[in-house]
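One structure is given below, encoded as structure tokens.
The values are calculated or read from the model by the stated rules, or taken from the named source; none is laboratory data. All figures in this text were calculated on a predicted structure; none of them were measured in a lab. Virtual Cβ from ideal backbone geometry, glycine too; neighbours counted across all protein chains shown. Accessible surface areas use protein heavy atoms only, side chains included; no ligands, DNA or RNA. Shrake-Rupley method; radii C 1.70, N 1.55, O 1.52, S 1.80 Å.
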Amino acid sequence: MVPRAEFRSYYGRPVIKAPAWAARDIAGYFFLGGLAGAGSVLAAGAHLTGRTTTARAMKVSSLAAISLSTAALINDLGRPGRFPYMLRVLKPTSPMSVGSWLLSAYGPAAGAAALCAVTGRVPRAGAAATAAAALLGPAVATYTAVLAADTAVPAWHGAHRELPYLFAASATAAAAGMALVVAPARESGPARCAAALATLADLGATKATERRLGMVAETYREGKAGRLLPLSLI
């Protein structure tokens, strides 16, 4: 019998360099950015349908999430000055450049929407800021998928087709969960539907990714990643 083939590199050295990102900072940056972006979409929906308590809570949640997400990114960069440096030019081919501009546009919109909702002042400006945040929210929630896929890591780059859908579903599930926590029961119907649909989409995108990647997808099921990934789906 021929033993099962195992992949090995020359002299046991890594095939590619390990990412220089700090796992805690980038995980927070990804998760909180998705929560903020999808939360703004839910906030706009609640605003339009008269669910004022949910709308106000989700606007505040999105502002807090994007603030913490930006702080995690700046902390990973090492020096706060590096973030404004990325705004000197807009490079459409660079996910990090586009993402920096997205954060710079989305953050003030989310902040204005939350401020107007809490104070009750200038409702028209608040409605405009809510709409702007909702329009930018999906891009904020998913551009990090492009950022991860635009690397040499096979498990990320190989999943470049599915990652945006996976990130969108995960962000929607997180935002729906937040809405279920902060919203009164009488206003939580849409959030429950969003949570259920997002969970199904997340599972579907994950299965599609693993099926298409084949052997590369083993990294999702082994080691530390294999232990943590099932927890993220709970």
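What's the extension gain from Ser97 to Leu200 if we count 0.36 nm per residue and subtract their Cα-Cα distance?
33.9 nm
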ask   = Out of (i) -0.49, -1.10; (ii) -0.61, -1.15; (iii) -0.83, -1.86, which label holds the value of log10 I(q)/I(0) by the Debye sum over Cα atoms at q = 0.11, 0.16 Å⁻¹ that was computed here?
value = (ii)
task = Determine the principal axes of the Cα atoms in the range 167-234, then give the extent along each, sorted from largest to smallest and rounded to whole angstroms.
result = 47, 22, 13
query = Rounded to two decimals, what is Rg over Rh for the range 103-234 when you use alpha-carbon atoms and the Kirkwood radius?
reply = 1.06
request  = Calculate the spin-label point distance for Ala131 paired with Ala208, positioning each point 7 Å from the Cα along the beta-carbon direction, and give it in nanometres.
outcome  = 3.1 nm
key: Residue-normalised accessible area of the range 34-140, expressed per residue, 1.4 Å probe, Å²   = 49 Å²
inquiry  = As a test of reading the structure, rank Glu162, Glu218 by solvent-accessible area (1.4 Å probe, protein chains only), most first.
reply    = Glu218, Glu162
note = One finds, for Val89 and Arg186 with R0 = 35 angstrom and r their Cβ-Cβ distance, a FRET efficiency to the nearest 0.05 of 0.10
task = Mind checking which aspartates and glutamates have their Cα closer than 12 Å to the Cα of Lys224? Skip sequence neighbours fewer than 8 apart in that chain.
result = none
task = Name the residue farthest towards the positive end of the dipole of the chain from the options Ala201, Ala36, Ala168, assuming +1 on Cβ of Lys and Arg, -1 on Cβ of Asp and Glu, about the Cα centre.
result = Ala36
task = Kindly report, to the nearest 10 Å², the accessible surface of Val60 as traced by a 1.4 Å probe over protein heavy atoms only.
result = 60 Å²
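Using DSSP H assignments, which helices in the chain have an axial alpha-carbon span of 30 Å or above and a mean Kyte-Doolittle hydropathy of -0.5 or higher? Don't jump to the answer; show the numbers that get you there.
Details: long enough: 23-48 (38 Å, 1.02); 52-77 (38 Å, 0.76); 95-119 (35 Å, 1.08); 123-149 (40 Å, 1.16); 189-213 (36 Å, 0.13).
Those that clear 30 Å and a mean of -0.5 are 23-48, 52-77, 95-119, 123-149, 189-213.
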ask   = the range 168-228 to the range 11-38: how many Å between their Cα centroids?
value = 18 Å
note = The Kirkwood hydrodynamic radius of the range 93-152, taken as the inverse of the mean 1/r over all distinct Cα pairs, in Å, comes to 12.3 Å
message = Compute, for the chain, the length of the dipole vector about the Cα centre, with Cβ point charges of +1 (Lys, Arg) and -1 (Asp, Glu) only. Units Debye, rounded to 20.
response = 180 debye
query = Among the aspartates and glutamates, which fall within straight-line cross-link reach of Lys207, defined as a Cα-Cα distance under 14 Å, with same-chain neighbours fewer than 8 residues apart omitted?
reply = Glu162, Glu218
request  = Over the chain, with every protein chain in place, what whole percent of the accessible area is carbon and sulfur at 1.4 Å, could you tell me?
outcome  = 67 percent
